[in-house]
1. Check region B:237-253 and report whether any residue there is farther than 26 Å from B:His188 by Cα, within 10 Å of ligand 2 (Cβ to nearest atom) and surrounded by fewer than 16 Cβ atoms within 10 Å (Cβ to Cβ).
2. Just wondering, is there one or more residues in region B:179-196 that are touching a residue at least 40 places away in the same chain (Cβ under 8 Å), touching a Phe, Trp or Tyr at 6+ places or on another chain (Cβ under 7 Å) and in the same structural domain as B:Glu352 (by TED's automatic domain parsing)?
3. Mind counting the residues in region B:217-236 that are near ligand 2 (Cβ under 10 Å from one of its atoms) and either part of a loop (DSSP other than H, G, I, E, B) or not assigned by TED's automatic domain parsing to the domain that holds B:Val171 (or both)?
4. Which residues, taken from region B:261-297, are over 20 Å from B:Cys170 (Cα atoms) and of a type in the set (A, V, I, L, M, F, W, C)?
5. Within region B:255-278, can you find the residues that are in contact with a Cys (Cβ under 7 Å, 6 or more places away or on another chain) and more than 7 Å from ligand 1 (Cβ to nearest atom)?
6. Yes or no: region B:203-210 includes at least one residue that is within 15 Å of ligand 1 (Cβ to nearest atom) and either within 14 Å of chain A (Cβ to nearest Cβ) or surrounded by fewer than 14 Cβ atoms within 10 Å (Cβ to Cβ) (or both).
7. Taking the residues in region A:32-84 that are in contact with an Asp or Glu (Cβ under 7 Å, 6 or more places away or on another chain) and assigned to a helix (DSSP H, G or I) as candidates, determine which candidate is nearest to the other protein chains (Cβ to nearest Cβ).
8. B:Phe348 passes all but one of (1) under 18 Å from B:Gly218 (Cα atoms); (2) at the interface with chain A (Cβ under 8 Å from one of its Cβ atoms); (3) surrounded by fewer than 17 Cβ atoms within 10 Å (Cβ to Cβ); which number fails?
Amino acid sequence: MNNNCYTYSIGCLIMALFLSFSCKHKESKYHSLTDKIEEESKDFIGTDISLETLLEEMKLLEIHEEGHAFLIPERKGQLKSYACSECHTKPLASMTSLEIGKKAHWNVKLAHADNLTMNCITCHSESNLDELTSLTGSEIDFDASYKLCSQCHTAQFKDWTGGAHGKKIAGWAPPRASMTCVNCHNPHSPSFDTRWPSRFNTQMEKERKEGLSH
Amino acid sequence: MSENNTKWFSLNLSNSKPKQQASTCGCGNTSGGCGGHQNEIRSSAIGDERHKDGFEQVFDVQMDRRTAFKKLTASLLIGAGAVTTSCSVVADEKSKEKAQIDWEEQFKGNYKLMSDEEKKATVDRLVRSYELRTNKTISMTSENAQENVLFGYAFNISKCQGYMDCVSACVEENNQDRNSEMQYIRIHEMKDGQGLKFDEADDNYYHEVPAEGHFYLGTQCFHCDNPPCVDVCPVQATWREEDGLVVIDYDWCVGCRYCMAACPYDGRRFNWSKPEVPEDEVNKNQHYLGNRMRKKGVMEKCTFCVQRSRKGQNPACVDACPTGARIFGNLLDPNSTIRWVLENKKVFRLKEDLGTEPKFWYFMD
Ligand code: SF4
Ligand code: SF4
């Protein structure tokens with residue numbers, strides 16, 4: 001009886017030893033990758049890697065939205081004919097009757113929502129063309145045009161400020177710089193076009209025809 | 001048993017140990033019959049049953065793969081060296097230097113085990129060797145993983161339009177073989193409403209995209225945190241770096257393709273022929289573990305563009321995507337955008353039940 005017990009406990013001991021040595025992954029300290037990430041980032045002190053030199057040459061503005069602070073490209077310098085008031089000396093209403101030759105902005109076709117919802121003055125201020133206008137008539141700077149978009153596209157706005165929507169500029173390391181809405185979407189026609197893929201793999205096609213690959 | 005069961009893949013060049021193996025069970029039978037011989041069969045390395053050949057007779061001493069190889073080649077090279085020096089009248093400096101570099105490259109160790117100086121030395125040799133061969137200069141680094149960095153990736157299925165700009169950018173960035181049209185990334189065109197059916201998806205479409213009723217999902221190496229490909233490599237030519245990147249030492253890889261078989265995600269690519277890139281298209285910003293030129297018969301795969309990511313930049317695919325479907329960042333930084341995605345979007349990974357812990361998540365708007 002005693003002997004049996006003895007063998008049993010030795011067996012247990014060996015088993016325990018075996019188990020403790022057979023764990024070869026040091027990662028197994030954590031139950032899962034998510035646990036590991038959470039645990040190891042608790043005392044995150046940052047890294048030595050920075051994008052500052054890469055972003056140096058770009059004109060960026062810092063914004064604070066929804067508790068996130070990040071950089072976006074400035075806009076006004078990119079607009080060919082800003083300031084608009086250099087041509088638009090009179091309010092829009094007084095220009096509608098003018099019918100002389102080709103109009104400026106003739107190439108702008110509005111393909112954004114429908115007529116019921118949007119026309120030019122939903123976003124452009126009638127009286128001051130150098131500014132954009134919110135739904136309630138407050139002025140919005142061209143550099144902060146995302147504030148216009150976020151009036152309707154609230155879900156996208158939230159994802160954008162968090163970082164799930166929109167593209168980051170240059171890299172992952174801080175400081176964070178993100179494209180703003182109008183860097184990817186044409187505000188007058190915001191959806192993406194269909195087009196041909198940038199490549200076709202002829203080798204893959206050949207191999208598959210010949211049955212070399214599954 | 002434990003003695004015979006050391007790494008079953010060892011080449012056992014000296015052939016000195018086996019033979020007594022037969023008596024371990026004590027049944028008197030040498031081959032099966034008592035049921036205690038199964039282990040034996042499993043543990044005998046390939047080649048154990050052979051008689052010693054000429055090579056083994058000469059080197060009948062305990063020796064590892066490297067040393068054996070070293071001795072063998074050393075004698076060959078001495079012979080060859082004698083011939084060249086006696087024949088060539090002008091053994092110019094350059095060819096001597098080339099020979100010296102080749103010699104040192106031949107006998108360098110596994111990158112994984114190198115000190116920083118050794119890493120730098122091999123990188124310098126490779127740069128110099130490229131210069132001697134092509135008269136072109138490249139820049140190559142051996143930047144190590146940084147502390148407090150763990151790279152992760154997220155892919156927005158509802159954003160991807162199937163343009164494949166990422167694939168092109170990847171091929172160019174990583175000097176992938178143009179002949180075999182190797183590509184690390186695959187974009188799978190899948191039918192809406194049918195779930196993820198990889199066997200029915202098309203990853204080589206050529207029509208206007210996005211196609212009606214389809215969505216697009218990209219795959220590449222997922223840099224598993226518990227990578228099965230690493231476990232199976234018999235020579236430890238592939239491993240997980242501290243920042244989570246799974247990398248390959250192309251000079252240590254013996255091309256057995258075990259890792260390719262072990263990867264559940266079709267993440268690895270093999271060079272069946274000598275990879276070729278037109279000289280003017282070679283990306284000259286290289287990393288030893290990344291996009292430096294490979295050779296025939298070695299494995300390669302996505303490295304999250306180690307040559308870029310360790311500098312803080314995004315991988316080429318992330319930069320090339322016009323839709324912003326690709327998000328990359330530091331998983332250990334609680335303020336990073338990748339962390340925001342993981343915490344705020346409904347994310348999933350492929351074959352999560354395997355426990356491979358890929359660091360590549362998918363999500364939808
Ligand atoms: S995806 Fe495949 S190749 Fe990449 S780490 Fe995971 S198992 Fe290895
Ligand atoms: S192909 Fe190369 S990296 Fe893959 S398992 Fe074999 S030796 Fe290791």
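The values are calculated or read from the model by the stated rules, or taken from the named source; none is laboratory data. All figures in this text were calculated on a predicted structure; none of them were measured in a lab. For neighbour counting, all protein chains shown are included, and Cβ atoms are generated from backbone atoms with ideal geometry for every residue, glycine included.
1. no
2. Within region B:179-196, one or more residues are touching a residue at least 40 places away in the same chain (Cβ under 8 Å), touching a Phe, Trp or Tyr at 6+ places or on another chain (Cβ under 7 Å) and in the same structural domain as B:Glu352 (by TED's automatic domain parsing).
3. Result for region B:217-236: 4.
4. Within region B:261-297, B:Ala261, B:Ala262, B:Cys263 qualify.
5. B:Tyr258
6. So the first thing to find is which residues in region B:203-210 are within 15 Å of ligand 1 (Cβ to nearest atom), and the list is none.
No: zero hits.
7. A:Leu33
8. (2)
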